[in-house]
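First up is the structure itself, then whatever we jot down about it.
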Amino acid sequence: MLSITLIFVGLLVAHTTLLMWLSWRQTRHVRAHRGAVPAAFAAVITLEQHQKAADYTVAKGMLERVDIVLGALITLAWTLGGGLNWLQQLWQPLTDPLWAGTALLVSWMLIGSLVRIPLRIYRVFVLEERFGFNKSTPATFVGDFVKSFVLTLVIATPVVAVVLWLMAGLGAWWWLAVWAVLNLFQLVGIWLYPAVIAPWFNTFTPLPDGEIAQRVAALLARTGYVARGLFVMDASRRSGHGNAYFTGVGRTKRIVFFDTLLEQLTPAQIEAVLAHEIGHDQHRHIIKMIVMNAVATLVGLAVLAWLLPQPWFYAGLGVAQPSLAAALVLFLLVVPVATFMVDPLLSAWSRRMEFEADAYAVTHTNADDMIGALVSIYRDNAGTLTPDPLYAAYHYSHPPASERIGAMQL
Ligand SMILES: [Zn+2]
């Protein structure tokens, strides 16, 4: 019992220290390179733009470190601090363990999002505002929060109830049934997200006619790609950051452009970005991530099945009364702490997929347009061109700009 407490605290300290060290390295590296635009970008990025990106990255780093410390304290408060114990007692009057357990898990999630509100407010209305990116009004912000809150309630409650019911009723092999159900929910979620959930937060309109539409049609004809949907999202109602993404499965597959990106890029660059997104689909990146997730969930559930009957798992992590719901919450709290060395592998895998999508874009459009689009995106989003290599290796889902451009110029 003492040993799991020690292992848990040891891992939490190691994780937190590593994240703080990386964040601090990033800040130091960006500051050290603030004085000059990297030679490869000197023709396309001004010193002023470069310094804005540096200041923005440094400011985000400060917030990141507050977030890291806060996250560790929250994890400690829930576990050894007795938070989970307290919440479990709060729901004790619901005598049915299924409802008490569902209430425990859902309230734990909702409290988690409430606790982080101050940081979110600071990020949007102070940090993003200072660098000219915020377009959110307090009304949009509150509306978003209420919608997410309702969504968590509506989606999590049935999922949690079904999972707890299977855990209680199926004996030793419950975890295989839970695995199947979770995968099903996830697939339905990915399928529903673009068509049902995302439109609750944004308006999606088809790509406008004109030069862009003609280029898109030509690109689709050239690649033989059947687009289920190409949409423009009104991202500008919240932020000035531009982006594009590929989402959905089956009939809800779609490629989405932020309206902010369309304003920043030339039609030829938009075509290159579209080709990049098509590349993600042609390489089946979403399917690969779903499979990866399913394997990880299976391993996780097998471990949870082993932990479930161990009294030390609860007692060692601050929970006096073992229950299925408490085990689930503890597990969700412990997993990110216990598996933090896997994070850089996932980042590296994601970066490999970005290289593949870039290569696809270069094959089907041209490298100069894709490079031009990237430079624009970095400039207009104040993305740093000089990240710390270790920070980027651990965290970045996209390779640093210089590496992507280097790969496309080969
Ligand atoms: Zn991509």
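The values are calculated or read from the model by the stated rules, or taken from the named source; none is laboratory data. This one's a predicted model, so the numbers in the text were calculated from it and none came from an experiment. Please note: Cβ atoms are built from the backbone with ideal geometry, for glycine as well, and neighbour counts cover all protein chains shown.
The table for this structure:
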quantity: Some residue of the stretch 74-90 being over 30 Å from Leu18 (Cβ atoms) and either surrounded by 14 or more Cβ atoms within 10 Å (Cβ to Cβ) or among the β-branched types (Val, Ile, Thr) (or both); calculated: yes
quantity: Helices (runs of 4 or more DSSP H) fully within the stretch 316-410 counting 1 or more residues that are within 15 Å of the ligand (Cβ to nearest atom) and of a type in the set (Ser, Thr, Tyr); calculated: 343-364, 367-380
quantity: Test: residue in the stretch 108-118 that is of a type in the set (Val, Ile, Thr), closer than 26 Å to Thr17 by Cβ and under 20 Å from the mean Cα position of the chain (by Cα); calculated: yes
quantity: Unique residue being touching a residue at least 40 places away in the same chain (Cβ under 8 Å) and within 21 Å of the chain's Cα centre (by Cα) when the list is Phe331, Phe340; calculated: Phe340
quantity: Selection status of Ala275, within 15 Å of the ligand (Cβ to nearest atom) and out of contact with any strand residue (DSSP E or B) (no Cβ under 8 Å at 6 or more places or on another chain); calculated: yes
quantity: Residue in the stretch 179-187 that is at pLDDT below 90, within 21 Å of the chain's Cα centre (by Cα) and more than 30 Å from Pro158 (Cβ to Cβ) present; calculated: no
quantity: Count of the stretch 19-58 residues which are under 21 Å from the mean Cα position of the chain (by Cα) and buried (at least 17 other Cβ atoms within 10 Å of the Cβ); calculated: 6
quantity: Near pairs, Cβ below 7 angstrom, 6+ apart or cross-chain, from the stretch 303-319 (closer than 18 Å to Gln88 by Cβ and touching a residue at least 24 places away in the same chain (Cβ under 8 Å)) to any residue that is among the β-branched types (Val, Ile, Thr) and part of a loop (DSSP other than H, G, I, E, B); calculated: Leu317/Thr79; Gly318/Thr79
quantity: Boolean, Asn381 is within 22 Å of Gln49 (Cα to Cα) and either surrounded by fewer than 19 Cβ atoms within 10 Å (Cβ to Cβ) or in contact with a Gly (Cβ under 8 Å, 6 or more places away or on another chain) (or both); calculated: yes
quantity: Meets criteria (more than 26 Å from Val150 (Cβ to Cβ) and modelled with pLDDT of 90 or more) for Met233; calculated: no
quantity: Scope the stretch 364-378; condition surrounded by fewer than 21 Cβ atoms within 10 Å (Cβ to Cβ) and of a type in the set (Asp, Glu); matching residues; calculated: Asp368
quantity: Single match in Asp67, Asp96 (criterion: over 18 Å from the mean Cα position of the chain (by Cα) and acidic (Asp, Glu)); calculated: Asp96
